[in-house]
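Read-outs: derived from the displayed coordinates by stated rules, not from any lab. Predicted model only: the values in this text are computed from it and were never measured. Glycine also receives a Cβ, built like all others from the backbone with ideal geometry; neighbour counts cover every protein chain displayed.
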Amino acid sequence: MTAAFYALAGVALVVLGLYGLSVQAHLLRKLLAVNILGSGVFLVLVSLGGQPGAAPDPVPHAMVITGIVVAVSATALGLVLMLKVAAASGRPTLDDAPKEDRCPKE
Amino acid sequence: MPDLYHALTLFLLLNLGAGLWRVVQGPTAADRMLAAQLFGTTAVAILLVLAQAGGVAALRDVALVFALLAAVAAVAFVRRAWPQPEDEHDRP
Amino acid sequence: MTGPDYLSALLLLAGALFFLAGTLGLLRFPDVYTRLHALTKADNVGLGLIVLGLALQSGSWLVAGKLVLIWLLVLLAGASVAHLIARGARQRGIPEWRR
Amino acid sequence: MNLLQTGFDGLLALGLIWLAWRALACPDLFRGIVLFIAFGLLMALAWVRLEAPDVALAEAAIGAGLTGALLLAALARLNRTAAAQTLPREAWRSGPALLLVLAGAGLGLAVLSLIPEPAGLQAQVAAELGRSGVSNPVTAVLLNFRGYDTLLELLVLLLALLAAWSLDADPPRREAPAGAVLDMLLRLLLPVLVLAAAYLLWAGAHAPGGAFQAGAVLGAAGVLALLAGWRLQPHLTGTPLRLAVTIGPGGFLLVAWAFAAGRPAAAGISAGTRRRSDPADRDPGHPVHRRHPGSAVPGLAARRR
């Protein structure tokens, strides 16, 4: 029961993250979306690894810990890249985003 | 006693949910950060109660880490992200 | 339930009450400074009462000590952050609420 | 499993979804980041309810502490580059949304059908746990059974740090002095943070905790010091710092290389399939059984930023 709640929440987070990643133009938003997507995947992994009454499976736990650490370093690198893009082009979006999504240049 | 613990965690979680309204509503950035600070404390309380309820001593370590790092986000806000004159992103 | 159980249940409920008061204050008070005041009630007293109630139940001095340590750390962080935010709000000229 | 716990789980799951949606959808980025910090807090509670205290520790240190600080600092510098921070409201795209809802429904059904999963790897891990030298199964998996993965993860951290260094010509900027209160907070808190990191590393052998969580706490300590305006002495930031950040992965690589060179047959084979007669398996002082020395590297990686 517990596992089902969190596994479904994880699926919802994956969907939300994918939607945000594909629709939002702002790079910081995209990074948030990737993080949320990752959290959803982690939730599904861990909630499927346990059985009611039994000791939980440590392998997904270890993988998720690794994943969390990699996610934060990837996020940090992404933030630096975003700042570079914003400094170079004057807006925190990628150039191939549709025109109407671009931030007005100040 | 276990029922009291579980009722308490549920109550604290509801409290936290109510606090979200302040994050959404603002009006100033400081108000949103205050609410986040309260969430941290509430999470510490929930973890401590869960540790006692389930007999899982490790959850006290999680609460300890929360308590240790409670200030990090708020300090980042005060030192970096708080715009000098309160400006447009403080409007609701 | 024995005597200490009732006492710690009472303390836990009182702590929950302070958390409720803190949240209500955060939602209802009119400006940053008054909300700060409400927040510290939950931080300091609410968590303190809950820690006290749990420490009575823990049955070991080590665990009780750890609980108190966690409370002290939250106190330290809460007090510093409250000061920093209040000072920042003053510097930025966020007006105080007047009736 | 009683009603109160079910209520807690349901509320927490709904709260996670709502927070993720609002963090992505609200027009103001700062509000989105604060909601994301709250999301990290609730994720830690979810790990607790899923009986994964090790993961909860990592999430508490990283999701609720480090990531929020990094995002807020990046947002502040974004403002400084005069980039617009409030976007025109994102258009609602029904096409992708519909597609993703369909995919999500299929994914949900698939996940639900997997829930009464026959068996994971817990039996295998439990069988080999005695030979791993630690009694916490998650630590055993991370540092013994999947030690090479963990080595590669250290390299990932190092690569991220190097890339950030090469890209980030951070112009020296003037900072307001930290003030007496923040200075005092750091003086009190930093020693406790270092002590707590050592405690988590030590506890990882027999209880939830371990190198990653300890490294994350150290990293958060470094971020806190940076935020207060504390900097390394100039004579420490050049070659010494570079040497310091490579010691961890370097030492790990050296151990792995020595191990592989000494016993070619066992190299690259995970502990689960290793021959039972292996003499090194019973030797608790064997390099593979030791905790790797690079636990501080995540901390260093974050410290420079």
Q | Unmet requirement for B:L20, which otherwise passes all of (1) surrounded by fewer than 24 Cβ atoms within 10 Å (Cβ to Cβ); (2) under 28 Å from C:L56 (Cβ atoms); (3) in contact (Cβ under 8 Å) with a residue 12 or more places away in the chain | A | (2)
Q: Working only within segment D:184-225, note down all residues that are under 18 Å from the mean Cα position of the chain (by Cα) and surrounded by fewer than 17 Cβ atoms within 10 Å (Cβ to Cβ).
A: D:V194, D:A198, D:Y199, D:W202
Q | Filter result for C:W97 (of a type in the set (F, W, Y) and more than 10 Å from chain B (Cβ to nearest Cβ)) | A | yes
Q. Where residues in segment A:9-32 are in a helix (DSSP H, G or I) and touching a Pro at 6+ places or on another chain (Cβ under 8 Å), which of them is farthest from the other protein chains (Cβ to nearest Cβ)?
A. A:L27
Q) Considering only helices (runs of 4 or more DSSP H) fully contained in segment D:1-69, which possess at least 3 residues that are over 21 Å from the mean Cα position of the chain (by Cα)? A) D:3-25, D:29-49
**Q.** Exclusive hit being within 8 Å of chain D (Cβ to nearest Cβ) and among the aliphatic types (A, V, I, L, M), set B:L38, B:L13
**A.** B:L13
Q. Scanning segment B:45-56 for residues that are touching a residue at least 24 places away in the same chain (Cβ under 8 Å) and within 10 Å of chain D (Cβ to nearest Cβ), which turns out nearest to C:D43 (Cα to Cα)?
A. B:I46
